[in-house]
1. Scan region B:100-144 for residues that are assigned to a strand (DSSP E or B) and basic (Lys, Arg) and report the count.
2. Quick check on region B:266-299: of everything there that is within 22 Å of B:GLN213 (Cβ to Cβ) and among the hydroxyl-bearing types (Ser, Thr, Tyr), which residue is farthest from the other protein chains (Cβ to nearest Cβ)?
3. Output the number of residues of region A:45-85 satisfying the condition of being assigned to a helix (DSSP H, G or I) and open to solvent by 10 Å² or more (accessible area, probe 1.4 Å).
4. Among residues belonging to region B:238-255 that are open to solvent by 10 Å² or more (accessible area, probe 1.4 Å) and under 15 Å from the mean Cα position of the chain (by Cα), point out the one that is nearest to the other protein chains (Cβ to nearest Cβ).
5. Quick check on region A:269-278. Is at least one of its residues over 28 Å from A:MET62 (Cα atoms), within 9 Å of another protein chain (Cβ to nearest Cβ), assigned to a helix (DSSP H, G or I) and open to solvent by less than 30 Å² (accessible area, probe 1.4 Å)?
6. Considering each residue of region B:298-313, count those that are open to solvent by 20 Å² or more (accessible area, probe 1.4 Å) and either among the charged types (D, E, K, R) or at pLDDT below 95 (or both), and give that number.
7. Return the residue satisfying two criteria in turn: it lies in region A:333-354 and is away from chain B (no Cβ under 13 Å), over 20 Å from A:ALA87 (Cβ atoms) and among the aliphatic types (A, V, I, L, M), and of such residues it is farthest from the chain's Cα centre (by Cα).
8. Go through region B:193-212 and count every residue that is within 10 Å of chain A (Cβ to nearest Cβ) and in contact (Cβ under 8 Å) with a residue 12 or more places away in the chain.
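The values are calculated or read from the model by the stated rules, or taken from the named source; none is laboratory data. Everything numeric here is computed off the predicted structure, so don't read it as measured data. So basically every Cβ, Gly included, is an ideal-geometry build from the backbone, and we count neighbours across all protein chains shown. Keep in mind that these areas ignore ligands, DNA and RNA; they rest on the heavy atoms of the full protein, side chains included. Shrake-Rupley method; radii C 1.70, N 1.55, O 1.52, S 1.80 Å.
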Amino acid sequence: MELFRTASANASPIDEGELRREVRSFLAAEIEAGGFEPRDNNWVACNRAFSERCAEQGYIGMTWPRAYGGGEKTARERLIVCEELLAAGAPLGSHWVADRQSGPQILRNGSETLRRSLLPEIVAGRCTFAIGMSEPDSGSDLSSIRTAARKEDGGWVLDGRKVWTTNAHHADYMIVLCRTEPKTEDRYAGLSQLVVPVRNEGVSVRPIVNLAGWHELNEVIFDGVFVPDDHLLGKGGDGWRLVTEELAFERSGPDRFLSTFVILRLLVDEVGKNPDRYQAVEIGRLISRLIAVRSLSHSIAELLEGGRSVIKAATMMKDMGTTLEQEIPEVARRVLAVQPSPEGSDFARNLANAIVNAPSFSIRGGTREILKGIIARELGMR
Amino acid sequence: MSDTARLLADSVDTFLARHAEATEAELLAALQSSGFAMALASEDHGGLACSWSEAAIVARLWGYHAAPLPIVEMLMAGQIASAAADPDLAPSLAVASMSSGDGQTAIAAHHAGQRFCLAAREGAVVAFPIPMESGEIATTIASEPYRRIPFPTDGTASFSRPLPPHSEILRRGTILTTARMLGAMDRIVEIIIEHAKLRTQFGRPLAKFQLVQTLISDAASEVDATRAALERALLFLDRAWDDDLAWYAAKGQAARAATLVAANAHQLMGAIGFTQEHVLHAYTRRLWAWRDAWLSQTGAEEALGRRACEAGGGRLWSLLADMPGPAFASEND
């Protein structure tokens, strides 16, 4: 039977307010200087210069060991910085994936050579990662991937095709899930993850334009690409475990409930100081949900710090958080009669952007249906 | 969770399990002698000097066991009486959760020992003897008794003791109600998981059907979101911080969760759960009532929306993210 954590367990050893103020003043100066324009769902957008300035502030690789350029800060401090960056609608695409999951993956399971060469570059904001999981015939069912690497002297030779790869056209590296041993009865055995330089002989990246008309997704083709031995993560063959761990990181952060916070902010401004009852209740319903999901996300940071499993909490949080992200523009369009338009006001532009991008929120990083299956398993039903 | 809290949880759990078959009168007598109702009172006053988080454990377990008696109001009575240096008042004090729209009556959950009523009248908190003639006991959809107690007409509130402001009484009653709701929802999730594993249809357990898994996953997610929101509200309450957000959010979330959890549970249990015989209704009927007990779901949502609009977009994030500061530190609880 679950009980409450008591107040002392929630106590934060750091001055949270001071850190938040610091990030806010950095962001305010950035906006003032035209460093970026706040926009919803902006954490996918690449802006190398902005990422490098984040790096100067120490906002990348915050929790990693100093030996690899990291800041040795707590998970809670990183959470605070990420929340502030996301709530401000800052463009984080050039470092987000590397900071959130690829870097931690390399730190946990990478060779020492890989750690020494890549982690400091990520921390400096100079190294962009993409995630090579999905394939044309493998979306949610990753065990069925066909991309494969065969062993050769000193490394691996990689052949295959990945799709819907976000920002591969900006990426320096891609962590590619591939089959390194033939499929057996245990469909999850024999998979491995390789760290593959994208600008490399045999790698070609082709755009897949999304329904909003944007080029974020790509098809990536590997044609006999040589990958050195020390670019293998883990022992080889244990890729499924690595992917599962990595996805827990991918699913547990504030990017899973703040993607449309900018809309909520603009909505509140548009409605003004004196909402009618309908407006107040609708906005309040969203705020209530946001606070609840955010509280759950903070409990995940505590679980991480305590070295405990976050799979159930992270999966629940992503499911509810992405649903909230989708609900925000839908409430906004009902509360205010505004024509969403890419050429309209700030509010109209962001609303237009959110409506057309919303379907992706509950697909990327694990579909809603997969998440519910994981929760069911965690509850002992599978 | 501290050792004190764990000990309290174990004792209350054991107490409620032992009195599962007791009548309401028997439970009331046992509760008054157990001292759990005085959890929030100081040790000098025979209480346990619990924090609000610890008191919430008591309320949560009451919900978990579908136990009768207005435990939320009784815990508050213990705290208020102790803070007013009159602990003997606690067993006979009804704490009204609301007043009627016409300002004529206070509405309070009922138990047999009540002689006095504490309620808000035109924003001021007053305490007065319950008139002999106000005997009409009504019930909620959970069959829990409540009374409409008329305010004294001669204008004399009977005693003047230091009382917390109405806003704080409302906040505390709402938070403890949320804890009780959480307990009921925790139990429902256990019941439906167990049912889904045991009940076989079409040759396999219900738990193997994806749609069934989804019904349960969604319920469990709502419950954990409620737990997280409640912990935040309790953190602020324990620290005596001002809070014009977290407790509203906790209630809004709990009520939203209650609607979904009750609906999914009944859907899953089918006709079995739609009977008097099955225990499910002891939880779901209470949840339906508690959604709007103390501060209503819509009341909480509206308050949040107004607060957000008042802050404006530029300060919205700060409103949500920044920790509030000390507020009612002077109060002697």
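1. Selection size over region B:100-144: 1.
2. Ranking the candidates gives B:THR284 first.
3. 14
4. Looking at the filtered set, the residue picked out is B:TYR248.
5. Yes - at least one qualifying residue is present in region A:269-278.
6. So the answer is 4.
7. A:ALA337
8. 5
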